[in-house]
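Note sheet for the following structure.
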Amino acid sequence: MRTDHIYIHFPFCKKKCPYCDFFSLVSGNMKEYREYIDHLHKEADLYQGYFSDNIRTVYFGGGTPSLMDPDDLREILLRFKTGGDAEVTLEVNPATADYGKLKAFMEAGVTRLSVGSQSFIDAELRTLGRIHGVNDIYEVYEAARKAGCGNMNLDLITGIPGSTPAGALYSASELCRLEPEHVSVYILTYYEGTPFTSLLSSGRLKKLEDDVEIELFSLSAGVLARHGFERYEISNFSKPGRRSAHNMNTWDFGNYIGLGASAHSFLEKFRWENPQDLASYYKKVETRSSGIITGNEVQEKDLKNEFLMLGLRKISGLNVNDYAKIFGTPVGSDFEKLDYYINKGVLLCGNDTIRLPQNMLDVFNSVVSDIII
Ligand code: SF4
């Protein structure tokens, strides 16, 4: 049981964005970074037998992994046997890296940069509490290209309070003008326990109506389509041949190991999550109890539901042959409501797949929650 895919969580940020529910701590303390990175190395040791000799993807996410020292990133990467064409992604906050640092990351082995641009309107970035402005996005993008990065993702958030259709079109157009290879677009989510939900309930922040959020998303998606981006997953768009291999592995139900506090792992029937606080994470690593030893075997019913959900997120849909091979039963016999949605024309069948057509992706949540068992 080995994996070709690794996620590494770096849980430090310069400032906490009020909408964010990722595990991240505000710190610029190099001593704290050092202690954390030492534990990443120790945790990687625990899993040595589970990493393949041909690692296909490594994803440094956060938090803000672009705050790392590039030499530290290099040391971590050297632990893994990556193939020559491995996809090594680093998430970059536009206000945390310049040309010199990005060049050092590329030389350390990074092959893909994912920039948290989020919007090309300064007022929206301020609403989101981001530490960067629009100019920082242009600067970091130019610096990344100059540093030799030929594979870039830009993130966009739609449905920000105060956003307008004209603003959504402007942000998406500005993003396309930069010509990244990949774009991820998300509708702003109000996660329980974040400052944004408190602001919402106290009336100090006004959420856009659901249909307006969807309209703004559709406008952004339309701009991307007109610029030659293929939508291959609900929130992800790429130029031909530039899909994210790391994300595709997750949606294809592949194995992966996550290192770091709060990181998730999935190996065959086992799924586990590291603690969401540093002290507990360090303790787990030091007592060598982190990892598959503490992983929970996922119930078959839950695995089937996950396969269905992940499959329908992809524009290509879920593969019925893969389902039968993994679970030994036809997907139609496990999910009784599938036929209902197929007969209604909400789901389409063909080429051994079942999929949601692009014009129905807005109903993904309601359809999937009705079908799962
Ligand atoms: S920079 Fe990213 S990880 Fe850090 S608080 Fe903001 S959204 Fe969250």
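The values are calculated or read from the model by the stated rules, or taken from the named source; none is laboratory data. None of the values given here were measured: they were computed from a predicted structure. Positions of Cβ are generated from backbone atoms using ideal geometry, with glycine treated the same way; all protein chains shown enter the neighbour counts. To get the accessible areas, we keep the full protein, side chains included, count just its heavy atoms, and leave off ligands, DNA and RNA. Shrake-Rupley method; radii C 1.70, N 1.55, O 1.52, S 1.80 Å.
Looking at region 50-75, which of the residues that are in contact (Cβ under 8 Å) with a residue 40 or more places away in the chain, open to solvent by 20 Å² or more (accessible area, probe 1.4 Å) and in a helix (DSSP H, G or I) is nearest to the ligand (Cβ to nearest atom)?
Within region 50-75, the match that is nearest to the ligand (Cβ to nearest atom) is Leu67.
If you take the residues in region 102-129 that are touching a strand residue (DSSP E or B) at 6+ places or on another chain (Cβ under 9 Å) and over 22 Å from Ser244 (Cβ atoms), which one is nearest to the ligand (Cβ to nearest atom)?
Selected residue: Leu128.
Quick one: Pro11 ticks every box in (1) farther than 17 Å from Pro275 by Cβ; (2) within 14 Å of the ligand (Cβ to nearest atom) except a single one, so which number is it?
(1)
Within region 60-67, can one find any residue that is at positive phi and in contact with a Ser or Thr (Cβ under 7 Å, 6 or more places away or on another chain)?
Yes, because at least one residue in region 60-67 is at positive phi and in contact with a Ser or Thr (Cβ under 7 Å, 6 or more places away or on another chain).
Which pairs do you get when a residue that is assigned by TED's automatic domain parsing to the domain that holds Gly100 and closer than 21 Å to Gly109 by Cβ, found in region 137-152, comes within reach of a residue that is polar (S, T, N, Q) and open to solvent by 30 Å² or more (accessible area, probe 1.4 Å), reach meaning Cβ atoms under 9 angstrom, with the pair 6+ apart or on two chains?
As it stands, the answer is Cys149/Thr111; Gly150/Thr111; Asn151/Thr111, since those pairs meet every condition given.
What pairs come out if I take residues in region 321-346 that are among the basic types (Lys, Arg) and pair them with residues that are in a helix (DSSP H, G or I) whose C-beta lies under 7 Å away, six or more apart or interchain?
If the second residue must be in a helix (DSSP H, G or I), the pairs left are Lys337/Asp370; Lys337/Ile371.
So, in region 17-47, of the ones that are touching a Leu at 6+ places or on another chain (Cβ under 8 Å), part of a loop (DSSP other than H, G, I, E, B) and within 16 Å of the ligand (Cβ to nearest atom), which residue ends up nearest to Asp252 (Cα to Cα)?
This residue is Tyr19.
Across region 252-272, what is the number of residues that are buried (at least 21 other Cβ atoms within 10 Å of the Cβ) and more than 24 Å from Lys42 (Cα to Cα)?
Residues meeting the conditions: 0.
Taking the options Arg288, Arg226, name whichever one is at positive phi and open to solvent by 20 Å² or more (accessible area, probe 1.4 Å).
Being at positive phi and open to solvent by 20 Å² or more (accessible area, probe 1.4 Å) holds for just one of Arg288, Arg226, which is Arg288.
Glu142 fails exactly one of the following numbered conditions: (1) within 16 Å of the ligand (Cβ to nearest atom); (2) acidic (Asp, Glu); (3) open to solvent by 50 Å² or more (accessible area, probe 1.4 Å). What is the number of that condition?
Exception for Glu142: condition (1).
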